[in-house]
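The values are calculated or read from the model by the stated rules, or taken from the named source; none is laboratory data. None of these values were measured; they are calculated from a predicted model. When we count neighbours, we look across all protein chains shown, and the Cβ atoms used for this are built from the backbone with ideal geometry, even at glycine. Heads up: the accessible areas ignore ligands, DNA and RNA and are worked out on the full protein's heavy atoms, side chains in. Shrake-Rupley method; radii C 1.70, N 1.55, O 1.52, S 1.80 Å.
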Amino acid sequence: MITNINYNHLYYFWQVSKHGSIANASKVLHLTPQTVSAQITSLEQRLGKALFLREGRGLRLTEFGQITQQYADDMFAIAEEWLETTQGDLEHISRTLRVGISDALPKSLVSKWLSPFIENDRITNLHCVDGQQAELLAQMATHKLDLVLADKPLDSSLPFKAFCHEIGKSQLGFFGNKASLDTLKESYPQSLADVPVILPAKSSPMTSAIKYWLEEQAIEISIAGHVDDSALMKALGQQGFGLFAAPLLVKEEIEKHYDVRAIGVIDNVYQNYYAFTPDRLIKDSIYSEFVRHAQHC
């Protein structure tokens, strides 16, 4: 096990990797090129692996050097974030907030949840990234995101620590295009028998809950397919491929955007919403305020 790494040497390496050459980095560091070169050589000897390869008069990162640069990017980004907290009153620190948003979430809900950040004088820049939940959590694990909003609980098999906060839930209902509205609403839920329905992925807790509710009602549906992308599910429902389940909390948004109508409620089946924060931010007052606000939206 390697211990006692000189982090000044790692910082010199990081500057060279950023600026492309020892000469350029030495100007930023206010050191001679010979000093910077010697320190990087010392780091390579300590690590037992080369960080750079010489190409003519330039340098190219080795594969190990590229990996080291990624870790250094994260480490020194956190260091800069920490240094900001030393510059005055902790209650008045300005910062960039990086939020990952699962692409399955209704944007109207997201805008309500994020409104305190937009109005907060301590947030100078709100940077939002859409994506799949697993990808966003991986970015949070490497400190590229400060907060992730999603519609699925945390997978216990993930190899990193995060805190999960339930920030809301909505009862589900079935939606369909206008052509099927009158006949299905009249004798709902028995009218669902043998009707094509698009469900989330087979492994989804929502799918299990919907199937259990249907069994309780002694209703057997025709499964048109399993689709884990909620936007695609709604689009297929709009085209008449089948009914789909969606949160009634955003009923008006779904009906307007996809030109569909709510047919009926799915009793005791809910969509939950979550916010994930890394360990180091759990006690930050900004995040505590956000969770409280979102839970009351």
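Worth a mention:
- Rounded accessible area of residue 258 (nearest 10 Å², 1.4 Å probe): 40 Å²
- Surface accessible to a 1.4 Å probe, per residue, for the residues of the stretch 169-271, Å²: 53 Å²
- Calculated Cα extents along the principal axes in Å (choose from [x] 53, 45, 38; [y] 58, 43, 35; [z] 83, 43, 34), label: [z]
- Around the amide H of residue 100, modelled in the peptide plane, lie the amide H atoms of 129, 146, 147, 148, 149, all under 5 Å away and 5 or more residues distant in sequence or on another chain.
- Contact order for the chain, expressed relative to its length and based on alpha carbon pairs under 8 Å spaced 6+ residues apart, stands at 19 percent.
- Carbon/sulfur fraction of accessible area - the chain, other protein chains in place, 1.4 Å, %: 51 percent
- Distance between modelled label sites at residue 297 and residue 112, nm, 7 Å Cα→Cβ extension: 0.7 nm
- When DSSP beta bridges are restricted to pairs lying wholly in the chain, around 60% turn out antiparallel.
- Solvent-accessible surface (1.4 angstrom probe) belonging to residue 75, in square angstrom, nearest 10: 80 Å²
- Once the Cα-Cα distance is subtracted from the 0.36 nm per residue extended length, the residue 63 to residue 78 segment shows a gain of 3.1 nm.
- Exposure rank, largest accessible area first [212, 270; 1.4 Å]: 212, 270
- Residue 41-residue 143 FRET efficiency (beta carbon distance; Förster radius 30 Å; 0.05 resolution): 0.55
- Trypsin sites (Lys or Arg not before Pro) within the stretch 201-297: DSSP coil, no more than 16 neighbouring Cβ in 10 Å: 202, 283
- The string of couplings for the stretch 110-121 from the Karplus curve (6.51, -1.76, 1.60, θ = phi - 60°) is 4, 5, 5, 5, 7, 4, x, 5, 5, 8, 7, 5 Hz, one whole number per residue in order, with x for Gly and Pro.
- Label separation (residue 161 vs residue 55): 4.0 nm, computed from points 7 Å beyond Cα along the C-beta direction.
- Whole-Hz ³J(HN,Hα) from phi, Karplus 6.51 cos²θ - 1.76 cosθ + 1.60, for the stretch 12-24, glycine and proline x: 5, 4, 4, 5, 5, 5, 6, 9, x, 7, 5, 4, 5
- Looking at the stretch 1-52, the accessible area is 59 square angstrom per residue; that uses a 1.4 Å probe and ignores ligands, DNA and RNA.
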